[in-house]
Amino acid sequence: MDTSMMKRMKELEQENARLKRMYAEEKLKAEIVTEALEKKW
C-alpha cells in the first residue's frame, strides 16, 4: 500500500469508530426511552 492509501484507511477507521460510538449512544437513548414508556406510573 502506498502512503495515501494508508492515510485514507486510517481516516476511514477513525470515521467508523466515530459512527459506532454515535450508534451506541443513540441505541442507549432509545432503550432508555422505551424502558421509561413501558413502566407503569
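No lab work stands behind these numbers, since they all come straight from the coordinates. Bear in mind that the values here come from a model prediction, so they are computed numbers and not experimental data.
For the reader, a short list of remarks on this structure follows.
- Hey, Met1 outside any helix (DSSP H, G or I), more than 12 Å from the chain's Cα centre (by Cα) and not small (Gly, Ala, Ser) or not: yes
- When the stretch 13-41 is filtered for residues that are assigned to a helix (DSSP H, G or I) and of a type in the set (Phe, Trp, Tyr), only Tyr23 remains.
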